[in-house]
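Enquirer: Below you'll find the structure I mean.
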Amino acid sequence: MNSSLHESSEMPLKQFACLEAQSVSLIRSGNEVLKDISFSACAGELVVIIGPNGAGKSSLLKTMSGELKPSKGVVYIHEQEIDQLELSQRAQSLAVLSQHASLNFPFSVSEVVEMGRMPFATGSTYDQDVCYKAMKAFDCYDYRDRIYTQLSGGEQQRAQLARVFAQAWPTSNYLPLYVFLDEPNSSLDLSHQKMLLEACRQRSESNAVLILVLHDLNLACQYADRILLLDNGRLRANGKPWEVCTESMLSEVYKVDVNVVQHPKKDCPAVYL
Amino acid sequence: MHRETAKRTLYLQLILLLPLSLLALCIGTEPSSISDALQALLGKANNTEQLIIRDIRLPRLLLALLVGAMLASCGTACQGLFRNPLADPSLIGVSAGASMGASLCIVFAAAVFDIPVSFLLIAISAFLGGALASFLVYRLSLGDYGTSVAMMLLAGIAVSALAGAISSFSEFYSDNEQLRRISIWQMGNLSGSSSMQRWGMFALLGIVLVLLQVNAKKLNALLLGESEARHLGVNVDGLKLLVVFLVAAGLGLSVALAGIISFIGLVVPHIMRLLVGPDHRFLIINSALGGALLLLLADTLARTIVLPTELPVGVLTALLGAPFFLVLLRNKRQKIL
């Protein structure tokens, strides 16, 4: 997919962000929630996982991030098995936003964002600068001194996103980065959804792989390089938006009639009920 | 911003420590002058007053400071572990577990294993009881997305009830001497410690504070959630084990020395969080000092408000702490339950 990138660069292949799931299965409390899933993604790709409720999207993301151990199969990050990586090493290249971020303690927004710099020993001046930019990127700089627990859901989500992006901040030597976001837009308004997806797009260009779980098919179609469609634990489709989001495929998986047309201004599908 | 407030609070508390200690040394059944107190502090005992201060009030004052600091820092750590500002060792059964361990030890160690009941043995049993209780409650209250307050408090009730029943059971089998020893702690009592015991407490407090301070940033990350902390590079299982161990050890020794003194571990971290924020790097040391001050104040009150006798200090802290806890529950119920 990124062959041009590989050929034109003098850096060895290993320096590029690259992850792979090899026939991953996962059994949770007796149920097989992931069934023999294989895919890979490389630097510069924005991958979006879609699928009905309970299809295994979050489980797949958690398995990819090493939080859940697959019952079968292997996850490779950066050509290494994920559970062979040291925790501290992993934290320097992989940042994750989970679906349920709960914080009951009265930290200020800037304190929450600063926690993203914990895995690094880059010095406080540099870290402050990174946090400032991350907060600017997610429009939470203006309320940086407010208490996290008193914010609205969308404001909290933006603070958590800024924390995750501060963790996965591009280094000067462009080390590989991986960013996994589980429904990062669930509380965001339209303009902040756009802000988020554009930030993801931009981050993928600095030697990063981004994997997002989204429910909004139109958002997925507009921004994803590749879409993974999960259905009942299986990977039903893996390809570009036009290849995955077809009327027959979506109608079958979501068990509801959908219409797919061309987006009026972009070359991507638009999905209507 | 918080760093400055934290420093100021720390200095203020250190400054407060001196007059409060002098006051505690001077008042009592036999009020003494400040010069007597200062003389006694230098180790002199020229008259009865100075003797009382040196041999009775000073050891008690030191123990109150040590136990207060220990309870407050263990409370802070416990709340960090449960990711919940309402987790207090005495509410979630750790103190009851420790007390159970101590009672069992006094009554059955001599009878069953035929070994003399030393203080060290009681402290170790209290530690084991506390560790068992905290581990049990933690496992029970841990859901998929963090700990649930309802489960934590309910599990705490269950564990406290069970530990209480076992304690009562052992009291049933105890003789008069053992019964007296047991009932001394259950009310909480800071008098009559040996200098060896105080040094032990001092050493353990040092270990607890240093280890918590070293792990302060990791504790902060843990507040975000377990998987969040893991993704930030924290060895979460190791950290949890360390905190359970430290809290059980701290509570175990406190209970063995002074009995169950409740609510210090809840009230102090809460007040400190309001003053200096939730960052453990500044919270732990401030809580320790605050706990020392509050327990000293409570103990001084406990032994002076009903002269010539004295109240158990545990009664006084519960009297102050329980209404505070109720107000917290009322204010927080929408947010955390």
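Taken together, the values in this text are just the output of simple stated rules run on the coordinates, not laboratory data. Quick caveat: nothing in here was measured; it's all calculated off a predicted structure. Counting neighbours? That spans all protein chains shown, and the Cβs are built from the backbone with ideal geometry, glycine included.
Enquirer: Where does the Debye-calculated log10 I(q)/I(0) of the stretch B:1-118 sit at q = 0.09, 0.18, 0.20, 0.21 Å⁻¹, using only Cα point scatterers of equal weight, no solvent?
Expert: Each listed q corresponds, in turn, to -0.46, -0.98, -1.02, -1.05.
Enquirer: Next question, about the same structure. Work out the FRET efficiency for B:Ala161 and B:Ser194 from their Cβ-Cβ distance, taking R0 = 41 Å, and round it to the nearest 0.05.
Expert: 0.80
Enquirer: Can you give me the orientation-averaged projected area of the convex hull built on the Cα atoms of chain A, in nm²?
Expert: 15.3 nm²
Enquirer: Once you place label points 7 Å from the Cα toward the Cβ at B:Leu154 and B:Val306, how far apart are they in nm?
Expert: 3.7 nm
Enquirer: Would you please calculate the Kirkwood hydrodynamic radius of the stretch B:157-259 over all C-alpha pairs and express it in Å, rounded to one decimal?
Expert: Computed over the stretch B:157-259, the radius equals 16.4 Å.
Enquirer: Continuing with the same structure: Roughly how many Å is it from the Cα centre of the stretch B:193-207 to that of the stretch B:1-70, as a whole number?
Expert: Each part reduced to its Cα centre gives a spacing of 17 Å.
Enquirer: Another question, then. Please tell me the relative contact order of chain A in percent, rounded to the nearest whole number, where contacts are Cα pairs under 8 Å and at least six residues apart.
Expert: 25 percent
Enquirer: Using a 10 Å cut-off on Cβ atoms, rank the peptides A:211-224, B:163-176 from the highest mean neighbour count down.
Expert: Sorting A:211-224, B:163-176 by mean packing, highest first, produces A:211-224, B:163-176.
Enquirer: State the extension gain, in nm to one decimal, for the chain segment bounded by A:Glu243 and A:Gln262, taking 0.36 nm per residue of separation less the distance between their alpha-carbons.
Expert: 5.5 nm
Enquirer: Where in the stretch B:41-59 is the amide nitrogen less than 18 Å from a point lying 7 Å along the Cα-to-Cβ axis of B:Ser35?
Expert: In the stretch B:41-59, the label zone of B:Ser35 (backbone N under 18 Å from the point 7 Å along Cα→Cβ) covers B:41-54.
Enquirer: Looking at the P(r) of the stretch B:2-336, how many percent of alpha-carbon pairs lie beyond 36 Å?
Expert: Distances greater than 36 Å cover 19 percent of the Cα pairs.
Enquirer: Next question, about the same structure. Sort A:249-257, A:53-61, B:226-234 for me by packing, meaning the mean count of neighbouring Cβ atoms within 10 Å per residue, highest on top.
Expert: With the highest mean Cβ count within 10 Å placed first, the list reads B:226-234, A:53-61, A:249-257.
Enquirer: Next up: Can you give the average number of partner chain beta-carbon atoms within 10 Å of each beta-carbon in peptide B:79-85, as a whole number?
Expert: Other-chain Cβ atoms within 10 Å of each residue's Cβ, averaged: 2.
Enquirer: While we're here: Just rank A:Glu114, A:Glu79, A:Glu20, A:Glu155, fewest to most, by other beta-carbon atoms within 10 angstrom.
Expert: A:Glu79, A:Glu20, A:Glu155, A:Glu114
Enquirer: In deg cm²/dmol, rounded to 500, what helix-only [θ] at 222 nm does chain A give when every DSSP H run of at least 4 residues adds -39500 (n - 2.57) and the total is split over its residues?
Expert: The per-residue figure over chain A is -9500 deg cm²/dmol.
Enquirer: Can you give me the C-alpha center-to-center distance between the stretch A:37-100 and the stretch A:239-273, rounded to a whole angstrom?
Expert: Their Cα centres are 26 Å away from one another.
Enquirer: What share of the DSSP beta bridges in the stretch A:129-273 is antiparallel, in percent to the nearest 5?
Expert: Of those bridges, close to 60 percent are antiparallel.
Enquirer: While we're looking at this one, here's another question. Taking only DSSP H segments of four or more residues, each worth -39500 (n - 2.57), what value at 222 nm results for chain B once the sum is divided by all its residues, to the nearest 500 deg cm²/dmol?
Expert: -25500 deg cm²/dmol
Enquirer: Also, I was wondering about something else. Shielding of B:269-282 by partners, i.e. mean partner chain Cβ atoms within 10 Å per residue?
Expert: Per residue, the number of nearby Cβ atoms from other chains is 2 on average.
Enquirer: Using a Förster radius of 56 Å, what is the FRET efficiency between A:Ser152 and B:Leu51 based on their Cβ-Cβ separation? Nearest 0.05, please.
Expert: Efficiency for this residue pair is about 0.30.
Enquirer: Turning to a different aspect of this structure: Per residue, what volume in Å³ does the convex hull of the Cα atoms of the protein assembly as shown enclose?
Expert: Roughly 178 Å³ of hull volume per residue.
Enquirer: Considering the stretch A:223-273, what Rg and Dmax in Å follow from its alpha-carbon atoms?
Expert: Both quantities, over Cα of the stretch A:223-273: 10.9, 34 Å.
Enquirer: Which whole number gives the average count of other chain Cβ atoms within 10 Å of the Cβ atoms across peptide A:110-123?
Expert: 3
Enquirer: Where in the stretch A:169-245 are there GluC sites (Glu not before Pro) that are in a DSSP coil and have at most 12 other Cβ atoms within 10 angstrom of their Cβ?
Expert: A:Glu205
Enquirer: With the crude spin-label approximation of a point 7 Å out along Cα→Cβ, what separation in nm comes out for B:Asn176 versus A:Asp145?
Expert: 6.8 nm
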